[in-house]
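Participant: Pasting a structure here, questions to come.
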Amino acid sequence: MERLDKIIARAFALGRRDAKRAIKSGAVSVAGEVCTDCEAKVAPEQVSLHGKPAQYQEHLYLMLNKPQGVISASESAREKTVIDLVPPRWRRKGLFPAGRLDKDTVGFVLITDDGVFAHNILSPKKHVEKTYYVQTDKPVPADLPAKFAAGVELFDGTLCMSAALEICGEKEAVVKIKEGKYHQIKRMFRANGLSVTYLKRTAIGAVALDESLAPGECRELRAEELQLLM
């Protein structure tokens, strides 16, 4: 059961103010009866606007192009979160980022309210690769791909799983990892004498970041993209 105004806003891509206006005007019905109570808790599948049934979606899957300075969290009293960037029409209870990017890292963040789905794409056992574009402070050594493939040992003794690294410029590389340890990419390079100066997640599995999304923008995953991740 959800608040009626939230259902109308989400199902018909309306702002909360417009949703409330529609409800109070008598345009909304619940189980065939007009309802003008914006706060009424109802079942989404019983709701209609001007006779058109609400399209109920059990779970939501959003692709966000995360900008710098935003944290990968559901809420924060002091800082802007990735959830704060979600437009009102997609706001719903339980949204969270499926995997975290550092505050200064940009790119693809998947936002959902589907916990099982998130676990499946984040678990190292599922082998869903995350792809990153990396810029470094010094030239990338020619032997670094082999070292990443063998599994990098971090300064604290943590051993990372085998990762793929492709050198694509003097101080540029593309890295694919199957796990998500704390600051992992930065720590893997640091263990090899380099500092990461820019980091962007460009893909999750076979789904690439939609480069038409400006920093801070998001959209729903398309059916074929969701299928690739499922």
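The values are calculated or read from the model by the stated rules, or taken from the named source; none is laboratory data. Worth saying up front: this structure is predicted, and the values here are computed from it rather than measured. Positions of Cβ are backbone-derived with ideal geometry, glycine not excepted, and every protein chain shown enters the neighbour counts. Note: areas computed on protein heavy atoms with side chains; ligands, DNA, RNA excluded. Shrake-Rupley method; radii C 1.70, N 1.55, O 1.52, S 1.80 Å.
Participant: Do we find that residue 165 is in a loop (DSSP other than H, G, I, E, B), open to solvent by less than 70 Å² (accessible area, probe 1.4 Å), of a type in the set (A, V, I, L, M) and at pLDDT 95 or above in this structure? Spell out how you get there, then give the answer.
Facilitator: On the way: in a loop (DSSP other than H, G, I, E, B): no; open to solvent by less than 70 Å² (accessible area, probe 1.4 Å): yes; of a type in the set (A, V, I, L, M): yes; at pLDDT 95 or above: yes.
Taking the combined requirement at face value, the residue does not satisfy it.
Participant: Can you tell me which condition residue 68 does not meet? The list is (1) closer than 25 Å to residue 202 by Cα; (2) open to solvent by less than 50 Å² (accessible area, probe 1.4 Å); (3) touching a strand residue (DSSP E or B) at 6+ places or on another chain (Cβ under 9 Å), and all the others hold.
Facilitator: So the condition that residue 68 fails would be (2).
Participant: For region 172-228, which strands (runs of 3 or more DSSP E) that fit wholly inside it have 2 or more residues that are farther than 24 Å from residue 59 by Cα? If you could, list the steps in order and put the result at the bottom.
Facilitator: Values: elements: 172-177, 196-204, 218-220.
Ranges flagged: 172-177, 196-204.
Participant: With the requirement that a residue be in a loop (DSSP other than H, G, I, E, B), at pLDDT 85 or above and either on the phi > 0 side of the Ramachandran plot or surrounded by 15 or more Cβ atoms within 10 Å (Cβ to Cβ) (or both), what does region 1-42 give you? Please lay out each step first, then the result.
Facilitator: Residues of region 1-42 that are in a loop (DSSP other than H, G, I, E, B), as a first pass: 1, 12-15, 25-27, 31-32, 35-40.
Checking the rest, the ones that are also at pLDDT 85 or above come to 25-27, 31-32, 35-40.
Result: 26, 27, 31, 32, 35, 38, 40.
Participant: Which of the residues that make up region 105-125 are under 18 Å from residue 181 (Cβ atoms), open to solvent by 10 Å² or more (accessible area, probe 1.4 Å) and without any contact (Cβ under 8 Å) to a residue 40 or more places away in the chain?
Facilitator: 119, 123, 125 - these are the residues of region 105-125 that are under 18 Å from residue 181 (Cβ atoms), open to solvent by 10 Å² or more (accessible area, probe 1.4 Å) and without any contact (Cβ under 8 Å) to a residue 40 or more places away in the chain.
Participant: Okay, next question. Going through region 136-162 one residue at a time, which ones are assigned to a strand (DSSP E or B) and not charged (D, E, K, R)? Lay out the reasoning, then the answer.
Facilitator: The initial filter retains those residues of region 136-162 that are assigned to a strand (DSSP E or B), namely 136, 153, 159.
Matches in region 136-162: 136, 159.
Residue-by-condition table, conditions (1) closer than 24 Å to residue 198 by Cβ; (2) touching a Lys or Arg at 6+ places or on another chain (Cβ under 6 Å):
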residue: 106; (1), (2): yes, yes
residue: 120; (1), (2): no, yes
residue: 159; (1), (2): no, no
residue: 164; (1), (2): yes, yes
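Participant: Tally the residues that are open to solvent by 10 Å² or more (accessible area, probe 1.4 Å) and under 18 Å from residue 215 (Cα atoms), restricting the search to region 75-95.
Facilitator: Here is the first cut: in region 75-95, the ones open to solvent by 10 Å² or more (accessible area, probe 1.4 Å) are 75-80, 83-85, 87-95.
Filter once more, keeping what is under 18 Å from residue 215 (Cα atoms): 79-80, 83-85, 87-88, 90.
Adding up the residues that qualify gives 8.
Participant: I'd like the full set of residues that are open to solvent by 30 Å² or more (accessible area, probe 1.4 Å) and closer than 16 Å to residue 109 by Cβ, limited to region 191-204.
Facilitator: 200, 202
Participant: Please specify each residue of region 130-161 satisfying the condition of being in contact (Cβ under 8 Å) with a residue 40 or more places away in the chain, open to solvent by less than 60 Å² (accessible area, probe 1.4 Å) and not aromatic (Phe, Trp, Tyr).
Facilitator: Start the filter on region 130-161 by keeping residues that are in contact (Cβ under 8 Å) with a residue 40 or more places away in the chain, which leaves 130-138, 140-141, 144, 147-148, 152.
If we keep only those that are open to solvent by less than 60 Å² (accessible area, probe 1.4 Å) too, we end up with 130-134, 136, 140-141, 144, 148, 152.
Once the filter is applied, which keeps residues that are in contact (Cβ under 8 Å) with a residue 40 or more places away in the chain, open to solvent by less than 60 Å² (accessible area, probe 1.4 Å) and not aromatic (Phe, Trp, Tyr), region 130-161 yields 130, 131, 134, 136, 140, 141, 144, 152.
Participant: Can I ask one more? Look through region 43-59, keep the residues that are modelled with pLDDT of 90 or more and open to solvent by less than 30 Å² (accessible area, probe 1.4 Å), and return whichever of them is nearest to residue 113 (Cα to Cα).
Facilitator: For region 43-59, the residue satisfying everything is 47.
Participant: Next up: So, of the residues in region 179-190 that are out of contact with any Cys (no Cβ under 9 Å at 6 or more places or on another chain) and modelled with pLDDT of 95 or more, which turns out to be surrounded by the fewest Cβ atoms within 10 Å (Cβ to Cβ)?
Facilitator: So in region 179-190, the residues out of contact with any Cys (no Cβ under 9 Å at 6 or more places or on another chain) come out as 180, 182-183, 185-186, 189-190.
Checking which are modelled with pLDDT of 95 or more leaves us with 185-186, 189-190.
On the way: 185: 22, 186: 17, 189: 25, 190: 15.
The extreme case among them is 190.
Conditions (1) closer than 25 Å to residue 207 by Cβ; (2) in contact (Cβ under 8 Å) with a residue 24 or more places away in the chain; (3) touching a His at 6+ places or on another chain (Cβ under 6 Å), marked per residue:
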| position | (1), (2), (3) |
| --- | --- |
| 12 | no, yes, no |
| 18 | no, no, no |
| 25 | no, no, no |
| 61 | yes, yes, no |
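Participant: Test residue 102 against the criterion of being surrounded by 13 or more Cβ atoms within 10 Å (Cβ to Cβ), part of a helix (DSSP H, G or I) and acidic (Asp, Glu), and give yes or no. Step through it out loud before you land on a result.
Facilitator: Working: surrounded by 13 or more Cβ atoms within 10 Å (Cβ to Cβ): yes; part of a helix (DSSP H, G or I): no; acidic (Asp, Glu): yes.
In short, no.
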